[in-house]
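The values are calculated or read from the model by the stated rules, or taken from the named source; none is laboratory data. Every value quoted in this text rests on a predicted model; they were computed, and no experiment measured them. Cβ coordinates were reconstructed from backbone atoms using ideal geometry, including for glycine residues, and neighbour counts include every protein chain displayed.
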Amino acid sequence: MSGLVQEQTSELVGTWRDDVTVAAVAAGAGALVWVVARALGVDLAVRSGSGTREIGLVSVIVTAVVVTLAAGGLLRVLARRTARAGRVWTGVALAVLVVSLAGPASAATWSAGMALAAMHLTVGGVVIVGLRRGIVDHGRVA
């Protein structure tokens, strides 16, 4: 009696160097949104306790790099431990992106909130697309 057995595997084709490249692009994209917002006169500040906190360029760059490298690390762990690493990681990454949009909700002004949301979506998009390209899910029929 013969039957079809479908096996799903994940292959990580990227390296940490690729993650660093994605981190640099994500940081650059976030910095570009920051520069454009500031050039348009948007004060990028969020409410923090009883005051406000300015979102600086260095903060944007460092956060984008740290988030990208953490996401790359998670992708590598998942690729070693699950056959559906690409799908699982993408779901987690999208959930984190949605949750991160709560941050711009605490912006001091509407324009700051829109600029910060654009920044989150831009960096998140670069990270998801850039790192997702580094994994190949294979479906094999035996």
Filtered residue count, region 30-79, keeping only those that are touching a residue at least 40 places away in the same chain (Cβ under 8 Å) and among the basic types (Lys, Arg) = 2
request  = Give the residues of region 37-47 that are surrounded by 12 or more Cβ atoms within 10 Å (Cβ to Cβ) and either touching a Gly at 6+ places or on another chain (Cβ under 7 Å) or not in a helix (DSSP H, G or I) (or both), sorted by residue number.
outcome  = Val42, Asp43, Leu44, Ala45, Val46, Arg47
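Is it the case, given these coordinates, that Ala118 is touching a helix residue (DSSP H, G or I) at 6+ places or on another chain (Cβ under 9 Å), surrounded by 13 or more Cβ atoms within 10 Å (Cβ to Cβ), under 19 Å from Trp16 (Cα atoms) and small (Gly, Ala, Ser)? Outline the logic, then answer.
Working: touching a helix residue (DSSP H, G or I) at 6+ places or on another chain (Cβ under 9 Å): yes; surrounded by 13 or more Cβ atoms within 10 Å (Cβ to Cβ): yes; under 19 Å from Trp16 (Cα atoms): no; small (Gly, Ala, Ser): yes.
Answer is no for this residue.
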request  = Mind listing whichever residues of region 48-107 are in a helix (DSSP H, G or I), over 15 Å from the mean Cα position of the chain (by Cα), aliphatic (A, V, I, L, M) and within 23 Å of Gly134 (Cβ to Cβ)?
outcome  = Val77, Leu78, Ala79, Ala85
key: Top-ranked residue in region 9-36 [being more than 30 Å from Pro104 (Cα to Cα) and either basic (Lys, Arg) or surrounded by 14 or more Cβ atoms within 10 Å (Cβ to Cβ) (or both); ranked as modelled with the highest pLDDT]   = Arg17
key: Which numbered condition Gly49 misses (of (1) at positive phi; (2) modelled with pLDDT of 90 or more)   = (2)
